[in-house]
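Trainee: Attaching a single structure in structure tokens format; questions to follow.
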Amino acid sequence: MIDSHCHLNDPKLFADLDGVLERARSVGVELFIVPGYDLVSSEKAVSIATSNDGVYALVGIHPHDASIYNDEMEHRLEELLSNDKVVGLGEIGLDYHYDNSPREKQREVFIKQLELAKKIGKPVVIHSRDAFLETFEIIRDHGKGLSGVFHCFSGSYESAMRVIKELGFYISIAGPVTFKNAKEPLEVASRIPLEYLMIETDCPYLAPQPFRGKQNEPAYLPYIAERIKEVRGGSIITATVDNTKRLFGL
């Protein structure tokens, strides 16, 4: 299995990095994609990736930090993107739930990072919370030619199909698909074309059942895969591995 989005650069997981990787590998998780969310975490993701086999990095500025984005930061991201173990730009997008940065600034920085991804020729990993339509429209209008994935997708089946059909992006499913009230995530996981499905933990957040409320880690990825298998009626591991490798060029 591949954990397509795991914050091994989070202090909670980094403090026990060897143990986290060992536990994950013992249950069949062999590759790990570590996203950045600001400059420090992006640099840490690259450091972890270059120091550990089977670990790859993403670099990017989360919408929470859009208000401090500047040319110097963009130049540093471009430098990091030249590293062979950096496989994409992310996580980037819009977050209208917390609004930690002004929405206009979020949109501006999102577009700038999409342009950077086009310049470098690497895929993007999208964070979208309470902002699906604007996220979709910005990618449609400014991300032509890009490949990418909506990580930890929380929207409707209809929205997921727009992402797939109109953008050609992947949909990644995380721990909420295992929750008791997981109506929309289950519908998305069960109905979208298998060739566009990816899985992730988004650890240390959103631990799946039966670990809900506890610190999440990549070793819990099989619980997500198993729940999706139950609703689809067949294993999704080979397909999700192939999809993740295809997107990130692994």
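The values are calculated or read from the model by the stated rules, or taken from the named source; none is laboratory data. Keep in mind that what you see is a predicted model, and the values were worked out from it rather than measured. Cβ sites come from the backbone with ideal geometry, for glycine too, and all protein chains shown count toward neighbours.
Every residue, every condition in (1) without any contact (Cβ under 8 Å) to a residue 12 or more places away in the chain; (2) within 27 Å of LEU114 (Cα to Cα); (3) buried (at least 20 other Cβ atoms within 10 Å of the Cβ); (4) among the basic types (Lys, Arg), yes or no:
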{"residue": "ASN181", "(1), (2), (3), (4)": "yes, no, no, no"}
{"residue": "MET198", "(1), (2), (3), (4)": "no, yes, yes, no"}
{"residue": "THR201", "(1), (2), (3), (4)": "no, yes, yes, no"}
{"residue": "TYR205", "(1), (2), (3), (4)": "no, yes, no, no"}
{"residue": "LYS214", "(1), (2), (3), (4)": "yes, no, no, yes"}
{"residue": "TYR220", "(1), (2), (3), (4)": "no, no, yes, no"}
{"residue": "THR238", "(1), (2), (3), (4)": "yes, no, no, no"}
{"residue": "GLY249", "(1), (2), (3), (4)": "no, yes, no, no"}
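Residues are listed down the side, and each one gets a yes or a no for (1) in contact with a helix residue (DSSP H, G or I) (Cβ under 7 Å, 6 or more places away or on another chain); (2) among the small types (Gly, Ala, Ser); (3) closer than 24 Å to GLY249 by Cα:
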site	(1), (2), (3)
GLU91	no, no, yes
ARG129	no, no, no
ASP141	no, no, no
PHE153	yes, no, yes
TYR157	yes, no, no
PRO176	yes, no, no
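Trainee: Tell me, which helices (runs of 4 or more DSSP H) lie completely within the stretch 100-162 with 3 or more residues that are in contact (Cβ under 8 Å) with a residue 12 or more places away in the chain and closer than 27 Å to ASN83 by Cβ?
Mentor: So the answer is 103-120, 132-142.
Trainee: Which of the residues spanning the stretch 55-76 are surrounded by fewer than 24 Cβ atoms within 10 Å (Cβ to Cβ) and either modelled with pLDDT under 95 or touching a helix residue (DSSP H, G or I) at 6+ places or on another chain (Cβ under 8 Å) (or both)?
Mentor: VAL55, SER67, TYR69, MET73, GLU74, ARG76
Residues are listed down the side, and each one gets a yes or a no for (1) more than 23 Å from ILE236 (Cβ to Cβ); (2) aromatic (Phe, Trp, Tyr); (3) touching a Leu at 6+ places or on another chain (Cβ under 9 Å); (4) part of a helix (DSSP H, G or I):
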site	(1), (2), (3), (4)
LYS12	yes, no, no, yes
ARG25	no, no, no, yes
GLY36	yes, no, yes, no
TYR56	no, yes, yes, no
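Trainee: Search the stretch 6-22 for residues that are under 20 Å from MET198 (Cβ atoms) and pair each with any residue that is of a type in the set (Lys, Arg) and surrounded by fewer than 18 Cβ atoms within 10 Å (Cβ to Cβ) when their beta-carbon atoms are under 6 Å apart and the residues are at least 6 apart or on different chains.
Mentor: none
Trainee: Would it be correct to say that ALA49 is of a type in the set (A, V, I, L, M) and within 19 Å of ILE126 (Cα to Cα)?
Mentor: For ALA49, the condition - of a type in the set (A, V, I, L, M) and within 19 Å of ILE126 (Cα to Cα) - is not met.
Trainee: Another question, if that's okay. Which ones in the stretch 211-223 are at pLDDT 95 or above and out of contact with any helix residue (DSSP H, G or I) (no Cβ under 8 Å at 6 or more places or on another chain)?
Mentor: LYS214, PRO222
Trainee: Scan the stretch 172-206 residue by residue and report those that are within 15 Å of the chain's Cα centre (by Cα) and either farther than 21 Å from GLU158 by Cα or part of a loop (DSSP other than H, G, I, E, B) (or both).
Mentor: ALA174, GLU200, THR201, ASP202, CYS203, PRO204, TYR205, LEU206
Trainee: Just need a number here: residues in the stretch 15-32 that are under 14 Å from ALA49 (Cβ atoms) and either surrounded by fewer than 15 Cβ atoms within 10 Å (Cβ to Cβ) or touching a Cys at 6+ places or on another chain (Cβ under 7 Å) (or both).
Mentor: Residues flagged as under 14 Å from ALA49 (Cβ atoms) and either surrounded by fewer than 15 Cβ atoms within 10 Å (Cβ to Cβ) or touching a Cys at 6+ places or on another chain (Cβ under 7 Å) (or both) within the stretch 15-32 amount to 1.
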